[in-house]
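J.: Sharing a structure, written as structure tokens. Questions coming.
The values are calculated or read from the model by the stated rules, or taken from the named source; none is laboratory data. Just so we're clear, the structure is a prediction, and the values are computed from it rather than from any experiment. Reconstructed Cβ throughout: ideal geometry from the backbone, glycine too, with neighbour counts over all protein chains shown. Ligands, DNA and RNA are excluded from the accessible area calculation, which covers all protein heavy atoms including side chains. Shrake-Rupley method; radii C 1.70, N 1.55, O 1.52, S 1.80 Å.
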Amino acid sequence: MVKASNMEEVFDFINYWDSVRRELDFDIDGVVIKVNEYNLQQELGFTSKNPRWAISYKFKAERVETFLEAISYQVGRTDSVTPVANLTPVLLAGTTVKRASIHNAEIMAELDLRLGDMVFVEKGGEIIPKIVGVNILKRPADSQSLSFIKKCPECGTALIRKDGEANHYCPNEYHCPPQIKGRLEHFIGRKMKDINAGEATVAALYDMGLVRDVADLVFLTKDQVMRLEGFREKSAGNLVESIQQSKNRPFDKLLFSLEIRYVGETVARKLAQHFRMMDKLMVATESELVEVENIGESIAKSVVAFSQDLSNLQMIDRLKAAGLKMEMEASDEIINRLNGKSFVVSGKFSIDREKLEEIITLNGGVNVSAISSKTDFVLAGDNMGPAKLSKAEKLGIQIISEEEFWQLIQ
Ligand SMILES: [Zn+2]
């Protein structure tokens with residue numbers, strides 16, 4: 001900290017640190033300038049968020065120039081394909097940079113990147129540096145514009161780009177290796193990652209040919225896991241044991257863990273409640289699926305695409321044989337207590353009204369905003385308006401207290 005008596009001294013300070021920051025053991029991205037006189041601080045006051053008497057000055061991001069050698073493409077754990085620039089190694093902000101993300105085809109076209117270009121690279125807030133421009137003066141005369149690849153570099157499937165979206169996707173979701181790995185990780189879930197079942201383990205299991213789908217995961221033996229680097233008898237046993245726990249998953253959770261596109265936790269529950277068992281869901285047609293409440297065309301299409309893939313059906317047969325739950329059980333019914341009943345929630349409660357409405361949805365009920373003859377229940381809290389109350393009474397709707405509501409879903 002330095003006390004400056006005029007603007008010139010402030011800039012001297014900024015320039016000094018902008019040059020010596022490269023020699024520091026840690027990264028700094030700017031300095032803070034404060035008015036130190038208390039009276040002036042009072043006079044300047046605050047904006048809605050920050051004091052007016054303190055401001056941070058950000059150093060200009062460091063920029064270097066290097067040679068664009070090639071562009072490669074990465075298929076993500078989901079399905080999007082990202083172009084990556086391979087650069088002649090260059091020192092930038094203390095680290096050697098060889099690669100830079102280009103994000104998507106739109107950005108690639110905007111920059112009009114060509115092989116052999118000298119490009120400007122900056123390290124902004126993100127860890128991965130990015131290309132911010134091309135030095136046109138140094139562009140070779142015979143260079144040609146690059147176009148985005150047409151086929152998935154991992155599985156060879158023709159890529160698609162949805163209307164209005166910048167990203168390209170590989171639609172071969174059930175057979176494209178990085179996407180399979182992503183799905184395996186999803187099945188394993190967050191909890192198991194604590195016991196060394198993360199990305200690297202899944203990738204190793206896949207690359208060694210031990211696991212091709214989630215059914216293989218369930219049939220994995222301790223001996224197989226011990227073939228992986230870093231696993232011993234105990235850790236391998238723990239991994240197998242926790243994968244076996246997936247047999248306790250209720251049907252709707254199992255459905256969610258299969259990561260069918262657009263089938264998140266809520267949709268999985270809706271489908272499980274409606275179709276009751278996997279066999280029925282797997283033969284459901286698109287028109288049967290869209291009849292289910294909140295299930296739209298894209299979800300329906302995606303479920304049908306899943307069930308028409310023979311390898312998925314084989315996988316499900318093997319999961320069934322392994323004893324995973326393929327239908328709703330009586331104990332799962334608790335979540336369906338309110339079975340489509342409509343609620344108007346009004347007044348003050350012991351918990352937030354939003355939370356209460358969420359609980360209604362989770363239990364299979366429907367929230368509506370206005371009282372009508374179709375309303376099943378009015379959930380009346382403290383200070384509920386007398387007009388609403390008398391309307392509910394007039395229509396003969398059942399009015400329940402918060403306490404009665406808790407009993408209803410118990
Ligand atoms: Zn692919």
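J.: Checking the cross-link filter: which lysines have an alpha carbon closer than 16 Å to that of K222, excluding same-chain neighbours under 8 positions apart?
T.: Qualifying lysines at Cα under 16 Å: K234.
J.: What's the percent breakdown of Cα-Cα distances in the stretch 337-408 across 10 Å bins, shortest bin first?
T.: 21, 60, 19
J.: Expressed as an acute angle from 0 to 90° and rounded to the nearest 10, what is the orientation of the C-alpha long axis of helix 297-307 relative to the principal long axis of the chain?
T.: Approximately 80 degrees, to the nearest 10.
J.: Between 0 and 90 degrees, rounded to the nearest ten: what's the tilt of helix 353-362 against the longest Cα principal axis of the chain?
T.: 60 degrees
J.: Okay, moving on. Could you state the angle between the C-alpha long axis of helix 177-193 and the longest principal axis of the C-alpha atoms of the chain, as a value from 0 to 90 degrees rounded to the nearest 10?
T.: 70 degrees
J.: Right, next: Check cross-link reach from K341 to the lysines: straight Cα distance under 24 Å, and skip same-chain residues fewer than eight apart.
T.: K253, K270, K355, K374, K388, K391, K394
J.: Okay, moving on. Which number comes out as Rg/Rh for the chain once both Rg and the Kirkwood Rh are worked out on C-alpha atoms?
T.: 1.09
J.: Okay, next question. With all protein chains present, calculate the accessible area of W17 using a 1.4 Å probe and round the result to the nearest 10 Å².
T.: 80 Å²
J.: I would also like to ask the following. Under 37 °C and 0.692 mPa s, how fast does the stretch 63-138 diffuse according to Stokes-Einstein, given a Kirkwood radius computed over C-alpha pairs? Answer in µm²/s, whole number.
T.: Once the numbers are plugged in, D ends up at 261 µm²/s.
J.: Can you give me the % of accessible surface on the stretch 7-58 that is carbon or sulfur? Probe 1.4 Å, all protein chains present, nothing else counted.
T.: Details: 2350 of 4490 Å².
The nonpolar share, carbon plus sulfur, comes to 52 percent.
J.: Residues of the stretch 63-138: accessible area per residue at 1.4 Å, in Å²?
T.: On a per-residue basis, the stretch 63-138 sits at 50 Å².
J.: Quick check on the chain: helices-only [θ] at 222 nm, where DSSP H runs of length 4 and up contribute -39,500 (n - 2.57) each and the sum goes over total residues. Nearest 500, please.
T.: -10500 deg cm²/dmol
J.: How would M1, M226 line up by accessible area, probe 1.4 Å, largest first?
T.: Listed by decreasing accessible area, they come as M1, M226.
J.: I would also like to ask the following. What whole-number value in Å² describes the accessible area per residue of the stretch 177-248 for a 1.4 Å probe?
T.: Values: 3760 Å² over 72 residues.
It amounts to 52 Å² per residue over the stretch 177-248.
J.: Also, quick follow-up: Under a cut-off of 13 Å between alpha-carbon atoms, report the aspartates and glutamates in cross-link reach of K247, not counting same-chain residues fewer than 8 places apart.
T.: E327
J.: Relative to the present Cα-Cα distance, how much length would full extension add between D376 and I136 at 0.36 nm per residue of separation?
T.: Fully extending the segment from D376 to I136 adds 79.5 nm.
J.: Largest first, what is the accessible-area ranking of E9, E291 with a 1.4 Å probe? Each step should come with its number before you reach the end.
T.: Details: E9 75, E291 145 Å².
Largest accessible area first, the residues go E291, E9.
J.: Of K341, K58, K181, which has the most accessible area and how do the rest follow, probe 1.4 Å?
T.: K58, K341, K181
J.: On the Cα set of the stretch 177-248, report Rg and Dmax in Å, please.
T.: Cα radius of gyration and Dmax of the stretch 177-248 are 10.7, 30 Å respectively.
J.: Using label points projected 7 Å from each Cα along Cα→Cβ, tell me how many nm separate S369 and S287, to one decimal.
T.: It works out to 3.4 nm between the two label points.
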